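Novice: Handing you a structure now.
The values are calculated or read from the model by the stated rules, or taken from the named source; none is laboratory data. Because the structure is a prediction, the values reported are computed rather than measured. Every residue, glycine among them, receives a Cβ derived from its backbone with ideal geometry; neighbour counts consider all protein chains shown.
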Amino acid sequence: MAAAAFFFSVMTLLVKVAGASLPTMQIVLVRSAFVAVLAGGTAFARGRDLRGNERGLLLVRGIVGFGALSSSYYGLVHLPLAEATVIHYTNPVFTTLIAAVLLSERVRSRDLLPTVAGLAGVVLVARPGVLFGEASSSLPPVPVLAALSGAVLSAAAYVTVRRLRREATTVVVFWFAAVSFLGSLPFVAPIWVPPSAAEWGVLVGVGISTHLGQMFVTAGLQREPAGRAMTVGYLQIVFAAVWGVLAFGEIPAAWSVAGGLVVVGSTLALGRRIPAHAA
């Protein structure tokens, strides 16, 4: 899980680097193509039928995952790495709420306080001017909204995956990547920016680090209880903060640190039954 957190943090770093010169949807397209080839090849080698059994639900998972990926990448490109990562980690809060509505999973009374606290943590990280005063160092609202939308859609993707118990993991990942590739293609075709050799290296790095992160998170969740594994997964926030300082000179504000601690505490209370990464 520590290795997964590291490689996912490398992925966020490379997405932010690529986003300085390439459109966000182009990064989504290349990443999705890379993952589709890896997941599809693995599924084929294992004799899996890539068409799947529940194609309607696989399509829904792919569409929701595409929205989550696009929103999250936009937030990563336009927000400090640490803050964008903290906002992403609110997804267990939204998973609890969405599962209660769509899967009729009971929300226990002891879950209500962490749910509210997690949302309050996002407010501390974003520091909206209407609450903190115009003089506060508020984060730009559109990227914050995009990152938060990514967390909500990631939660919806998690709930969908929990309904896909009949499908092999490689098939689910393949559909997610394939739908994301097809979904991003119409946005990228009119504005394709030919990447330089260095930019191709960064884009390939996004794909490789994503694949390694998914491999290690799967291995970690197979070997440790979800609660303990997810606790180690929060190292990604620490790694993201370090990358932000080293690569971009981003020093997290005190409010962001406080909000991050609130988010981590609340999601640890809620997220023991939820995989750390599905998108």
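Novice: Got at least one residue in the range 240-249 being out of contact with any Leu (no Cβ under 9 Å at 6 or more places or on another chain), modelled with pLDDT of 70 or more and not in a helix (DSSP H, G or I)?
Specialist: For the range 240-249, residues out of contact with any Leu (no Cβ under 9 Å at 6 or more places or on another chain), modelled with pLDDT of 70 or more and not in a helix (DSSP H, G or I): present.
Novice: Follow-up question, since we're still on this one. Only one residue in Leu14, Leu58 is part of a helix (DSSP H, G or I), more than 26 Å from Ile237 (Cβ to Cβ) and not basic (Lys, Arg), so which one is that? It would help to see each step written out before you state the result.
Specialist: Working: Leu14 fails: more than 26 Å from Ile237 (Cβ to Cβ).
Only one candidate qualifies: Leu58.
Novice: Among the numbered conditions (1) modelled with pLDDT under 80; (2) exposed (fewer than 14 other Cβ atoms within 10 Å of the Cβ), tell me where Arg273 comes up short.
Specialist: (2)
Novice: Same structure again: With respect to the numbered conditions (1) crowded, with 22+ Cβ neighbours inside 10 Å; (2) of a type in the set (S, T, N, Q); (3) more than 17 Å from Ser32 (Cβ to Cβ), which one is the sole condition not fulfilled by Ser184?
Specialist: Among (1) crowded, with 22+ Cβ neighbours inside 10 Å; (2) of a type in the set (S, T, N, Q); (3) more than 17 Å from Ser32 (Cβ to Cβ), Ser184 violates only (3).
Novice: Residues of the range 51-63 being surrounded by fewer than 16 Cβ atoms within 10 Å (Cβ to Cβ) and of a type in the set (A, V, I, L, M), which ones?
Specialist: If the condition is that a residue be surrounded by fewer than 16 Cβ atoms within 10 Å (Cβ to Cβ) and of a type in the set (A, V, I, L, M), then Leu59 is the only one that fits.
Novice: Looking at Thr95, Thr42, Thr115, which is the one that is under 21 Å from Val217 (Cα atoms), surrounded by fewer than 24 Cβ atoms within 10 Å (Cβ to Cβ) and among the hydroxyl-bearing types (Ser, Thr, Tyr)?
Specialist: Among Thr95, Thr42, Thr115, only Thr42 is under 21 Å from Val217 (Cα atoms), surrounded by fewer than 24 Cβ atoms within 10 Å (Cβ to Cβ) and among the hydroxyl-bearing types (Ser, Thr, Tyr).
Novice: Additional query: So, of the residues in the range 78-92 that are assigned to a helix (DSSP H, G or I) and not β-branched (Val, Ile, Thr), which turns out to be surrounded by the most Cβ atoms within 10 Å (Cβ to Cβ)?
Specialist: Asn91
Novice: So is Val37 among the hydrophobic types (A, V, I, L, M, F, W, C), surrounded by fewer than 22 Cβ atoms within 10 Å (Cβ to Cβ), modelled with pLDDT of 90 or more and under 17 Å from the mean Cα position of the chain (by Cα) or not?
Specialist: For Val37, the condition - among the hydrophobic types (A, V, I, L, M, F, W, C), surrounded by fewer than 22 Cβ atoms within 10 Å (Cβ to Cβ), modelled with pLDDT of 90 or more and under 17 Å from the mean Cα position of the chain (by Cα) - is not met.
Novice: Looking only at the range 25-40, filter to residues that are touching a His at 6+ places or on another chain (Cβ under 9 Å) and either among the aliphatic types (A, V, I, L, M) or free of Cβ contacts under 8 Å to residues at least 60 places away in the same chain (or both); which one of those is nearest to Leu79 (Cα to Cα)?
Specialist: Per the stated criteria, the residue is Val35.
Novice: Something else now. From the list Leu103, Leu57, which residue is within 25 Å of Thr160 (Cβ to Cβ) and at pLDDT below 75?
Specialist: Within the list Leu103, Leu57, the selection yields Leu103.
Novice: Which condition from (1) over 29 Å from Phe248 (Cβ atoms); (2) at pLDDT 95 or above is the one that Phe66 breaks?
Specialist: All conditions pass for Phe66, except number (1).
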